[in-house]
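The values are calculated or read from the model by the stated rules, or taken from the named source; none is laboratory data. Quick caveat: nothing in here was measured; it's all calculated off a predicted structure. Methodologically, a virtual Cβ is constructed for each residue, glycine included, from the backbone with ideal geometry; neighbour enumeration extends over all protein chains shown. Note: areas computed on protein heavy atoms with side chains; ligands, DNA, RNA excluded. Shrake-Rupley method; radii C 1.70, N 1.55, O 1.52, S 1.80 Å.
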Amino acid sequence: MTKLSRRGFLAVSGTMAAGGLLAKLGLDLAPSVAHAEALKTRYAKESTTICPYCGVGCGLIVSTMNRNVINVEGDPDHPINQGSLCCKGQSLYQVATSDRRLKHVLYRAPRSTEWEEVSWEWAIEQIADRVKTTRDATFMEKDEQGRTVNRTPGLAALGGAALDNEECYLYSKLMRALGLVYVEHQARI
Amino acid sequence: MPSREQEQRRLASIEDRRGVALDLVKLEEALFAWRNSLAGLLPDLRARGFDLPDPLPADQFLAAHLDPMPDPQLLRRAAEGLHQALERFPAPQSAVLWWRRSADEEARERALAAWFSASWRNDREGLARMAADAGIDTDVFAWCGRELCRPFFHRLGETLAASLRGTLPARPTCPSCGGAPRLARLERDERQRHLWCRLCGIEWPYRRLSCPFCGNAEHEKLGYLAIEGTDSQRVDVCEVCRSYIRTVDERGLPEGGRVDFLAEDVATVHLCMAAEKRGYRPGGPGASGDVLTTPAPGGADSRVPARRGNS
């Protein structure tokens, strides 16, 4: 047992509401005081969020310590899943921590068998270029009957359950602005 | 609720755990044996027509409308038994029989009844006055009074647990006495949080991410102290009211292990010390098994429309 001076004892037990009372009752709390002195604690937080996979929208509790994820579990107070998770949801912890998680953009060129690492800037520019090229090539101002439609049948968009409400709104707005009519969402299940 | 034998075994089993104050174990064991000796004498509330609403609304608790005063003979026997149980602890023992100082039998009975009543209602001012008159430290006097009430609150808790068919609704305070919780546990599989009242010995569910003392549900202002070297213990803290509650996570216990609150309460006093050293304090006006005389946080009216009767 850790040897504790009287000063050390008072420093711990004197501040303790319950300890103060227990001391008045004449109880020897030295073992608990010594253990508390040696105890190492770390501050952690729990936050609620929604599973990013399917459209069911199960509630999660994510525990973090120093901004690192240390646990992911179903939220027992969430009205949809009441704490339970499917096997995919149960493995969500790995999404944050797995060493197999992709950390860079990978690109496989046409007819290539190899993936190559590229920068975000290059990838975004490529996407923008190809969207514009396709849109320009397929854009229709008017349909066969001469009615103004301003649309492109050459592109389609598919949203995912990982998107939240606000992201879905912006995504939908962008696609409509480009003239897309084939806008769908994976969460329609 | 675990059986009395199970509780007694588990209490004895914690003596070897690191940081456990043996004095505290001996005290709880003595109190436990004393409560056990009274168990057969306590009145059956249901047999007396005590009518419980099922399910019990979240903003109500039972003790508020129950006239608790036991039979004078039983109360006297309980107080004398408590005196014997505290044999190893001179400070509280000498306080328990203060009412015997009165000159005549009738005055003694009145003093004991007044002490019990003030303790049941957690009338702090009344208790402080009585303690001053008796020349006893107020905290010790109030603690002894609360222990005197504990078998009767336990009976109320047992009645509640046995009478309600459905699960108790989630709530921050004890459905039996309206007091603040002392400990919490997280279920192994469903991960639901349950709070426990030391006074009544019962548990009830409550939201995971919400402070049971101030109702703060903003998770940015909630956290917990993870204890190095164990997955079964932690201290949940609220940054709004700066209160804490000790929590036992069943997932950190051996397979099939169940939380025994009474034993954990004694075995984890060092967690209180660690939390208080970091500036947190025990939560709620009714913490440590006290009874609230005012409605619980979030509850507009904590009174149960139950029939009045003696307990």
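Span-like helices, chain A: DSSP H, alpha-carbon axial extent 18 Å or more, mean Kyte-Doolittle -0.5 or greater, which ones?
Details: long enough: A:120-138 (27 Å, -0.83); A:165-178 (20 Å, -0.34).
Taking the DSSP H segments of chain A (at least 18 Å long, mean hydropathy at least -0.5), we get A:165-178.
With all protein chains in place and a 1.4 Å probe, the accessible surface of the protein assembly as shown carries 50 percent carbon and sulfur.
Short-range pairs are left out: with C-alpha atoms under 8 Å and at least six residues apart, the relative contact order of the range A:52-189 is 20 percent. Couplings 3J(HN,Hα) of the range B:175-180, computed from phi: x, 8, 10, x, x, 6 Hz, in residue order, whole Hz [Karplus 6.51 cos²θ - 1.76 cosθ + 1.60, θ = phi - 60°; x for Gly and Pro].
Loop-located trypsin sites (Lys or Arg not before Pro) across the range B:114-179 with a Cβ neighbour count of 16 or fewer within 10 Å are B:ARG165, with loop assigned by DSSP. Interface residues of the range B:223-253, defined as those losing at least 10 Å² of solvent-accessible heavy-atom surface relative to the isolated chain (probe radius 1.4 Å), are listed as B:GLY223, B:TYR224, B:LEU225, B:ALA226, B:ILE227, B:GLU228, B:ARG234, B:GLU239, B:ARG251. Burial here means at least 50 square angstrom less accessible surface with every protein chain in place than with the chain by itself, probed at 1.4 Å; in the range A:46-79 the buried residues are A:GLU46, A:GLU73, A:PRO76, A:ASP77. Using a probe of 1.4 angstrom and keeping all protein chains present, the accessible surface of chain A works out to 68 square angstrom per residue.
Report Rg(Cα)/(2.2 N^0.38 Å) for the range A:58-117, keeping two decimals. Don't skip to the end; give the middle numbers.
Values: Rg = 16.6 Å, N = 60, 2.2 N^0.38 = 10.4 Å.
For the range A:58-117, the normalised Cα radius of gyration is 1.59.
Our compactness index for the range A:30-158, the C-alpha radius of gyration over the empirical 2.2 N^0.38 Å, is 1.77.
For the range B:114-247, the per residue solvent-accessible surface stands at 32 Å², with DNA, RNA and ligands left out and a 1.4 Å probe. Eigen-decomposition of the gyration tensor built on the alpha-carbon atoms of the range A:126-189 gives equivalent ellipsoid semi-axes of 24, 14, 10 angstrom, largest listed first.
The Cys residues in chain A with no partner Cys Cβ within less than 4.7 Å of their Cβ are A:CYS54, A:CYS86, A:CYS87, A:CYS168.
Burial of accessible area (probe 1.4 Å, heavy atoms of protein chains only) in the range B:198-219, relative to its chain alone, reaches at least 50 Å² for B:ARG208, B:LEU209, B:HIS219. When the Gaussian network model of chain A links Cα atoms closer than 10 Å, the mean-square fluctuations of A:GLN82, A:GLN145, A:GLN90 top out at A:GLN145.
With the alpha-carbon atoms of the range B:172-247 aligned to their principal axes, the span from lowest to highest coordinate is 33, 27, 20 Å, starting with the largest. Evaluated at q = 0.14, 0.18 Å⁻¹, the base-10 log of the normalised Debye intensity for the range B:136-264, with identical point scatterers placed on the Cα atoms, takes the values -0.69, -1.06.
Beyond 44 Å, what share of the Cα-Cα pairs of the protein assembly as shown remains, rounded to the nearest whole percent? Don't skip to the end; give the middle numbers.
Numbers: 38587 of 124750 pairs.
Tail fraction, whole percent: 31.
Looking at the range A:104-189, the chymotrypsin sites (Phe, Trp or Tyr not before Pro) that sit in a DSSP loop and have at most 14 other Cβ atoms within 10 Å of their own Cβ are A:TRP115. Along each principal axis, taking the top coordinate minus the bottom one, the Cα set of the range B:58-141 gives 41, 26, 25 Å in descending order.
For B:LYS26, give me every one of the lysines with a C-alpha distance below 28 angstrom, ignoring sequence neighbours fewer than eight places off in its own chain. Here the lysines satisfying the reach criterion relative to B:LYS26 are A:LYS3, A:LYS24, A:LYS40, B:LYS277. Between B and A, buried accessible area from a 1.4 angstrom probe totals roughly 3900 Å², ignoring ligands, DNA and RNA.
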